[in-house]
Amino acid sequence: MQRSHAQLSTPEVAIHAPQGGLLVAIKATLKRDLTLMLRRRGEVLNPLVFFALVITLFPIGISPDPELLASIAPGLLWVAALLAALLSLDSLFRSDYDDGSLEQLLLAPQPLAALGLAKVAVHWLLTGLPLALMAPLLGIMLSLPAGSYAVLALSLALGTASLSLIGAIGAALTVGLARGGVLLSLLVLPLYIPVLIFGAGAVQAAIFGEGIAAHLAILGALLALALMLAPWAIAASLRISING
Amino acid sequence: MWAFINKLRSPKWFYAISAKLQPLFWVAATLLLLVGTVWGLAFAPVDYQQGNSFRIIYVHVPAAFLAQSIFVSMAVSGLVFMVWKIKVADMVATVMAPLGAAMTFVALFSGAVWGVPTWGTWWMWDARLTSMLILLFLYLGVIALRGAFSSRDSGSRAASVLAMVGVINIPIIKYSVDWWYTLHQPATFTITGRAAMTMDMWAPLLIMVLGFYSFFIALTLMRTRSEILRREANKRWVRELAEETN
Amino acid sequence: MAFSSLNEFFAMGGHAVYVWAAWGVTALLMLVIVWHARQERRQLLNVVKRRARRENAQRNAQPSHAQPLQEPVNSAQKDVHHDA
């Protein structure tokens, strides 16, 4: 066994034995992923730039007529945000898979479901949440009617959390595959549709002055379901990808 | 009964038992489909509103039912495989997926064709067709994922996970799509949304549904047996069997 | 009978294209599926028989030879046995 630093340097320096425990592991994972992602500033900005670009394309490709844009704005914003979130999924596990740290995560004594959830939380914090906050700005460009901006941001914040969770399952299943990216879209987009329907529905309801509570409640319910079930699916999928 | 079910986990036993069951289901399928076809095409009365195009119901509805049932069966088989490590369950799941996708396509195609005389258009974004389309993508995803892994076992486990995730989503997707379209399409024609059909209209439908299900079971038994041959090819009992069959 | 003549039956009251297209594609698909399943089974049986024949020949030629030939069945995926 190697001589520890404590034995080499002054006796006042104590060595803290690594504390096990779930909370410590989760906090460590959160911190690590946050640090790593913030170092790759470009990767964090990519989805946002994509979001903005796609929204720019629609008035050019369809028509710049503000009335027309206003009527389709909720759907456009939601679809563009959804696609941006989808794009960012591939990098969720890939770099960890490539350098072997994912395998280490699997070997940790703490439940993989919890650690996976921590990674997804960071992903949402740095992808979904920024998308939700940026959306109102793009809504202005699409002449989104007043009274729906707050709902837009809120529905996107709630929705992208579900999208991160569901998408992480797909990302975990395909992380070990050579051309996993294309397959990932095929796997994940059908599962995204309920979130899209209720998210865009909430914004539309706000525009027409109808009650948004039901839509947001269902979005919340979908998120709750995803929070309960996705971590286990993510853990199982990660194990399959690593062992395969 | 549990002893019987337990026996089924062995590929060798499954092969033998399904050999006896298969002919039953083929005969049942042929008879039911024949009777249903003749009754539905020639004897069922003409529909008051839709004319003779309503006869498409006799392939559309059975195909749609099968498409959904097969996905659920696939997910259940996947669960059995993951939890109890029964390989036969995975073989069954592998074999069911392409048929499920084909049935989904049939439902989509017949539904779209039915739409022309009914709605005047080749494609209509209504709840049922949209749900079927999404189901088709889910099937394709499971099939693609299973084949994308270099190790068969990993592919099977990944496909099982995806099938289970998908099966939880299917009712959610159906509900949300249904809700969305009832909001956006007030009073359009629903394909089977009418007052109760008369007995001589839905009796052939029931027969066709049973016929399609028999076909599914017969085909699954047959293809599972082929899958057993494929995977257990280096076992002695398979070699001896091959020598026996002339 | 809902139709008074065979011609009427084929005409389906003007909806012939739709009814026969839908039914035709369905029937065709189901027949193709059955044909493919039988073809698949025939092919696999042939492969297994060939292997059995080859191994028998080997065993007869060299009675001391204990190892059977490992010819891979035509499949793109490997059967690797995992412990976890």
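What follows draws every value from the coordinates through simple rules; no lab data is involved. Because the structure is a prediction, the values reported are computed rather than measured. Neighbour counts run over all protein chains shown; Cβ positions are idealised from the backbone, glycine included.
Ignoring everything except DSSP H segments at least 4 long, calculate the 222 nm mean residue ellipticity for chain A; use -39,500 (n - 2.57) per segment, divide by total residues, nearest 500. Spell out each step's value before the answer.
On the way: 11 runs with 190 residues, N = 244.
So the helix-based figure for chain A works out to -26000 deg cm²/dmol.
Residue farthest toward the positive end of the dipole of chain A, with Cβ of Lys/Arg at +1 and Asp/Glu at -1: which of A:P145, A:I234, A:I166?
A:I234
When Cβ neighbours within 10 Å are restricted to other protein chains, what is their mean count per residue of peptide B:95-105? Don't skip to the end; give the middle numbers.
Values: counts 2, 0, 0, 3, 3, 0, 0, 5, 4, 0, 3.
That average works out to 2.
If I take every Cα pair under 8 Å that is 6 or more residues apart in the range A:74-158, average their sequence separation and divide by the length, what percent do I get for the relative contact order? All intermediate terms of the calculation are to be shown ahead of the outcome.
Working: 41 pairs, mean separation 29.6, N = 85.
RCO, the range A:74-158: 35 percent.
Determine the sum of side-chain charges near A:A84: Lys and Arg each +1, Asp and Glu each -1, restricted to other residues whose C-beta is under 14 angstrom from that of A:A84.
Details: positive: none; negative: A:E43, A:D90.
Combined, the nearby Lys, Arg, Asp and Glu give -2.
Specify the angular offset, from 0 to 90 degrees and rounded to the nearest 10, of the alpha carbon long axis of helix B:127-148 from the longest principal axis of the alpha carbons in chain B.
Approximately 20 degrees, to the nearest ten.
Taking the range B:83-167, which chymotrypsin sites (Phe, Trp or Tyr not before Pro) meet the DSSP loop condition and have no more than 15 other C-beta atoms within 10 Å? Provide the component values of the computation, followed by the final result.
Details: sites: B:W84, B:F105, B:F109, B:W114, B:W119, B:W122, B:W123, B:W125, B:F137, B:Y139, B:F149; in loops: B:W122, B:W123, B:W125, B:F149.
Loop-located and lightly packed - B:W122, B:W123, B:W125.
To the nearest 20 debye, what is the magnitude of the charge dipole of the protein assembly as shown about its Cα centre, counting +1 on the Cβ of each Lys and Arg and -1 on the Cβ of each Asp and Glu? If you can, show how the numbers build up before the last one.
On the way: 41 positive and 28 negative charges, 454 e Å.
Roughly 2180 debye, rounded to the nearest 20.
Would you work out which of B:L136, B:I56, C:Q62 lies farthest towards the positive end of the dipole of the protein assembly as shown, given +1 charges on the beta-carbon of Lys and Arg and -1 on that of Asp and Glu, about the Cα centre?
Towards the positive end, the residue furthest out is C:Q62.
Could the peptides B:61-71, C:38-48 be put in order, highest first, of the mean number of other beta-carbon atoms found within 10 Å of their residues?
Numbers: B:61-71: 22.7, C:38-48: 15.7.
In descending order of packing, they fall as B:61-71, C:38-48.
How crowded by other chains is B:233-240, given as the mean number of beta carbons from other chains within 10 Å of each beta carbon? Mind dumping the intermediate values first?
Working: counts 10, 10, 1, 2, 0, 5, 8, 1.
Going residue by residue through B:233-240 and averaging, the value is 5.
Output the pairs from A:K119/B:K87; B:K87/B:K235; A:K31/B:K85; B:K7/B:K85; B:K12/B:K85 with a Cα-Cα distance over 26 Å in this structure; if there are none, say none. Walk me through the intermediate numbers first.
On the way: A:K119/B:K87 33 Å; B:K87/B:K235 15 Å; A:K31/B:K85 37 Å; B:K7/B:K85 14 Å; B:K12/B:K85 16 Å.
Exceeds cut-off: A:K119/B:K87; A:K31/B:K85.
Take every residue in peptide B:47-57, count the Cβ atoms of other chains within 10 Å of its Cβ, and give the average of those counts.
Working: counts 2, 0, 0, 2, 6, 12, 9, 2, 9, 8, 1.
Rounded to a whole number, the mean comes out at 5.
With everything on Cα atoms, drop me the angle between helix A:180-207 and the longest principal axis of chain A, reported from 0 to 90° to the nearest 10.
Orientation of helix A:180-207: about 50 degrees from the principal axis.
By how many nm would the segment from A:R32 to A:L229 grow when fully extended, if each residue of separation counts as 0.36 nm and the alpha-carbon distance is taken off? Write down the numbers at each step before the final one.
Details: separation 197, 0.36 × 197 = 70.92 nm, distance 2.42 nm.
Extending this stretch completely gives an extra 68.5 nm.
Show me, for the range B:108-113, the HN-Hα J-couplings you get by feeding each phi into the Karplus relation (A = 6.51, B = -1.76, C = 1.60, θ = phi - 60°), rounded to Hz, glycine and proline as x.
Here the 3J(HN,Hα) series is 5, 4, 5, x, 5, 4 Hz.
Quick one: angle between helix B:57-84 and the longest Cα principal axis of chain B, in degrees between 0 and 90, rounded to 10, please.
The helix B:57-84 is inclined about 30 degrees to chain B.
Expressed as a whole number of Å, what is the distance separating the alpha-carbon centroids of the range A:138-158 and the range A:160-187?
27
Could you run the Karplus curve 6.51 cos²θ - 1.76 cosθ + 1.60 with θ = phi - 60° over the range A:132-149 and give me ³J(HN,Hα) per residue in whole Hz, x for Gly and Pro?
Running phi through 6.51 cos²θ - 1.76 cosθ + 1.60 with θ = phi - 60° gives 4, 6, 7, 4, x, 4, 5, x, 4, 5, 9, 6, 4, x, 5, x, 10, 5 Hz.
What FRET efficiency comes out for A:M141 versus B:W2 if R0 is 60 angstrom and r is the Cβ-Cβ distance? Round to the nearest 0.05. Before the final figure, lay out each step's value.
Working: r = 65 Å, r/R0 = 1.08.
Working from the Cβ atoms, E equals 0.40.
Ranked highest first by average number of other Cβ atoms within 10 Å, how do B:2-15, A:69-82, B:23-36, B:154-167 line up? All intermediate terms of the calculation are to be shown ahead of the outcome.
On the way: B:2-15: 13.6, A:69-82: 21.9, B:23-36: 16.6, B:154-167: 24.6.
So the order, starting with the most tightly packed, is B:154-167, A:69-82, B:23-36, B:2-15.
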